[in-house]
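To keep things clear, I will list the structure first and then write my remarks on it.
The values are calculated or read from the model by the stated rules, or taken from the named source; none is laboratory data. None of these values were measured; they are calculated from a predicted model. Neighbour counts run over all protein chains shown; Cβ positions are idealised from the backbone, glycine included.
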Amino acid sequence: MLRSILLALDDTEGALAARDYALALARHTGAALTAAIILDRRDLADAHEAVPPGASAFKERRDAALLRQAQEAGAAAVARLRDAAGDFPFTVQELAEAPAPALLAAAGAHDLLIVGRDSSLGREAAEDGLAPVIEALLHDRTRPLLVVPPGARFDPAASALVAYDASPGAMRAVQLFALLGLGRCGTTVLSVAEDEEKAAALAGTAAGFLQRHDVPAKALPVIGTHPVEALLAEAAAMPAGMLVMGAYEHTGLRALFTGSATKHLLRRAPCAIFAAH
């Protein structure tokens, strides 16, 4: 069961949606919530920047000002979280490394890491609305990641859509999704293959696994060769409260997800994505 959530705190639109999603999920499950503030001191200090003779004092003042601004922004984000949380308790953790290694290290003490899809986490630019830290987090195998797009809301009554292709990443995602108790309101398992029998076998395998863990699940085999489009269409039609998927698999023709396809789903999915690698 879900016992602890780590939230990457930020002020982008997706990060605010992630904040509200994390709060609602924590309230619903009783999980403890920790909010992480990123203060990448090396980045703020521009450690590798050449400093002309006599300019060290100016650099020290500038670095101190940048750090102060980052601390003030973090304090403001915590204050907004406190307003949104009301009487729900949470803890705050200040992380002094770069976003990816800092969050990876901190995630080891939690069941789930939640990040806004467009989070800048300091001074990182979110290209095409996708935070660069997300790719680094998905390549790690320690904890599942929940990526929340702008406008997404946690709905305890909404069904989840599970993408399954029998790859190791998909197997891991389905297992963690079940063990954390995130599918109690039902799931649809979608599998895509070029013939119906294979698609049905894939979807039936994952649906059966979920049912053995007391998760209501139905199989949805789809004949075709475009799994990303099938998933996006089904997620919108349900509408899905969460999309569950493996990430960054490279196992030949049987693989449902490649790096580019994963990014495509992350950028376009209308709901939060629960991803494991």
Q: Answer with yes or no whether Pro144 is within 15 Å of the chain's Cα centre (by Cα) and closer than 14 Å to Gly246 by Cβ.
A: yes
Q) Taking segment 134-168, which residues are in a helix (DSSP H, G or I), of a type in the set (A, V, I, L, M, F, W, C) and out of contact with any strand residue (DSSP E or B) (no Cβ under 7 Å at 6 or more places or on another chain)? A) Ala136
Q) Filter segment 81-132 for residues that are under 14 Å from the mean Cα position of the chain (by Cα) and of a type in the set (Asp, Glu); which is modelled with the highest pLDDT? A) Asp111
Q.
I'm told Pro144 meets every condition in (1) in contact (Cβ under 8 Å) with a residue 40 or more places away in the chain; (2) crowded, with 18+ Cβ neighbours inside 10 Å; (3) more than 21 Å from Ala206 (Cα to Cα) except one. Can you identify the failing condition by its number?
A. (3)
Q. Which one is farthest from Val174 (Cα to Cα) among residues in segment 218-246 that are among the small types (Gly, Ala, Ser) and part of a strand (DSSP E or B)?
A. Ala219
**Q.** Residue in segment 166-179 that is buried (at least 23 other Cβ atoms within 10 Å of the Cβ), out of contact with any Cys (no Cβ under 6 Å at 6 or more places or on another chain), among the aromatic types (Phe, Trp, Tyr) and under 21 Å from His264 (Cα atoms) present
**A.** no
Q) Among the numbered criteria (1) over 25 Å from His264 (Cα atoms); (2) outside any loop (DSSP other than H, G, I, E, B); (3) touching a residue at least 12 places away in the same chain (Cβ under 8 Å), which single criterion is violated by Cys185? A) (2)
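Matching residues to (1) of a type in the set (Phe, Trp, Tyr); (2) modelled with pLDDT of 95 or more:
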site	(1), (2)
Leu179	no, yes
Glu194	no, no
Ala206	no, yes
Phe209	yes, yes
Glu229	no, no
Leu232	no, yes
Pro239	no, yes
Leu243	no, yes
Ala255	no, no
Q: Just name the residue that is nearest to the chain's Cα centre (by Cα) out of those in segment 1-20 that are within 30 Å of Asp214 (Cα to Cα) and assigned to a helix (DSSP H, G or I).
A: Ala18
Q. Just checking, which of Val162, Val228, Val222 is buried (at least 23 other Cβ atoms within 10 Å of the Cβ) and among the β-branched types (Val, Ile, Thr)?
A. Val162
